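The values are calculated or read from the model by the stated rules, or taken from the named source; none is laboratory data. Note that the structure is predicted; figures quoted are calculated from it, not measured. Counting neighbours? That spans all protein chains shown, and the Cβs are built from the backbone with ideal geometry, glycine included.
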């Protein structure tokens, strides 16, 4: 008696994928996606409307009453950018500080990670896999555990009372914040870029080597242009994380107003008294619009970089 051959498991997998695809492409899925997008956008839209309302209207009525009694003013943004006092500078100074912190803190780890990932992906040397997995394991260490040791190191060159470096005298400057963000961003950057670079066809690299290309020319002519999606995806991650960061900026720059980022000032404005809501809304919207501009500018690379770096290691 002959036995029927079992159906290939790939057919069930294909049917399962088709069902999932049909579920996510159905009208109901589109409807729920639109509802979620609207619910997610309403608070941001309310913040935008509130930032253009006078102080009296903000204190006495909700932002939705703007449509029945529209009253627009630019005084809040003028206060944000121009007004300050002998103790607290205007928010424009904090906005400048955020840019001065975020741009180098995104460029430094990205530059180091590109070359490190390139070496780990294509150079053959002893201990390569151990180094890569050690870097990957660093992602599980909470950054809160390292704040105090780093603060002691930057201030006195000491860790746990042991003098490991001479006093670098860099406190009160942007340098400690740059170094901290670079340290915290490197593990994820190397991991993403390494996984992306490993997917570049080996035949392409070998052909370039046969044609006489050195490692640096290979990187400049082939590896780097092909890595733009992964580089852009991490640049978005790092920029958003550093721009919205409060803990690192407060730890290493919160006591010096000349270098404190915008998030530190916004946290001070919220305070315990709840005063200055009109200025707070304008400053908060400015702090939101900058990451949105960066994300929408580089979004075409974002998904490509993430998917390419997550399939194969």
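All conditions in (1) touching a helix residue (DSSP H, G or I) at 6+ places or on another chain (Cβ under 7 Å); (2) modelled with pLDDT of 85 or more hold for residue 233, with the sole exception of (2). State which residue is modelled with the highest pLDDT when the search covers only the range 22-57 and only residues that are more than 32 Å from the chain's Cα centre (by Cα) and surrounded by 10 or more Cβ atoms within 10 Å (Cβ to Cβ). Step by step, filter the range 22-57, then rank; the result is 54.
For every residue, the table says whether it meets (1) surrounded by 13 or more Cβ atoms within 10 Å (Cβ to Cβ); (2) modelled with pLDDT of 80 or more; (3) out of contact with any strand residue (DSSP E or B) (no Cβ under 7 Å at 6 or more places or on another chain); (4) assigned by TED's automatic domain parsing to the domain that holds residue 245.
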residue: 85; (1), (2), (3), (4): no, no, yes, yes
residue: 88; (1), (2), (3), (4): yes, no, yes, yes
residue: 98; (1), (2), (3), (4): yes, yes, yes, yes
residue: 145; (1), (2), (3), (4): no, yes, yes, yes
residue: 150; (1), (2), (3), (4): yes, yes, yes, yes
